[in-house]
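Peer 1: Pasting a structure below so you can have a look.
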Amino acid sequence: MLDLVFTAMFAVVPVMLASIYLAKYKQRFQLHKQIQVALGIVLLVAVAAFEIDMRMNGWHHLAEPSPYWQDGSWNDWVDYGLAVHLFFAIPTPFLWGYVIVQAMRKFPNPPQPNEYSRAHRFWARIAAIEMTLTAFTGVVFYWLAFVA
């Protein structure tokens, strides 16, 4: 499950950026909407499955071979990497969910720019930055705990 979530997060950022490009530069708003909703669903399912797996099976035993792991202490790189990752990862689904729900409510169908566009760009930019930082810090944590 760790490898699946790692791969999903690694793939999400380029797809998200391509979707933003389609909306901003190509005015392909319907395709942007479809991609963003699909990404939201895929990530929701992946993160839910990941959390269930982590709660049932844990992850510490998988990190023990890492040179950055120190059993029983809070001064190792793995714990700090996880803390930084969670700082970005926890608010990200809420932000992205907010952006998607507000867009679904406030844009017409098919989507077109309107008076909500400015607010959408503001919140979507924050959500995209959060997603990028979540992915980046997730890669760092994954490497520290499971690859190094």
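Peer 1: Restrict the check to the range 90-109 and report whether at least one residue is exposed (fewer than 14 other Cβ atoms within 10 Å of the Cβ), in a helix (DSSP H, G or I), modelled with pLDDT of 95 or more and within 14 Å of the chain's Cα centre (by Cα).
Peer 2: No, because not a single residue in the range 90-109 is exposed (fewer than 14 other Cβ atoms within 10 Å of the Cβ), in a helix (DSSP H, G or I), modelled with pLDDT of 95 or more and within 14 Å of the chain's Cα centre (by Cα).
Peer 1: Just one of Tyr68, Tyr21, Tyr80 is aromatic (Phe, Trp, Tyr), under 23 Å from Val147 (Cβ atoms) and out of contact with any helix residue (DSSP H, G or I) (no Cβ under 7 Å at 6 or more places or on another chain); which is it?
Peer 2: Tyr80
Peer 1: If you scan the range 1-47, which residues turn out to be surrounded by fewer than 17 Cβ atoms within 10 Å (Cβ to Cβ) and basic (Lys, Arg)?
Peer 2: Listed by number, the residues that qualify are Lys24, Lys26, Arg28.
Peer 1: Based on this model, can you work out whether His61 counts as more than 15 Å from the chain's Cα centre (by Cα) and surrounded by 13 or more Cβ atoms within 10 Å (Cβ to Cβ)?
Peer 2: no
Peer 1: Now for a different question. Return the residues of the range 69-89 that are crowded, with 16+ Cβ neighbours inside 10 Å and not in a helix (DSSP H, G or I); say none if nothing qualifies.
Peer 2: Correct list: Trp69, Asp76.
Peer 1: Follow-up question, since we're still on this one. In the set Ala49, Ala23, Ala18, Ala8, which member is without any contact (Cβ under 8 Å) to a residue 12 or more places away in the chain and either in a loop (DSSP other than H, G, I, E, B) or not hydroxyl-bearing (Ser, Thr, Tyr) (or both)?
Peer 2: Ala23
The values are calculated or read from the model by the stated rules, or taken from the named source; none is laboratory data. These numbers were taken from a predicted model, which means no experiment stands behind them. As a convention, Cβ positions derive from the backbone with ideal geometry for all residues, glycine included, and neighbour counts pool all protein chains shown.
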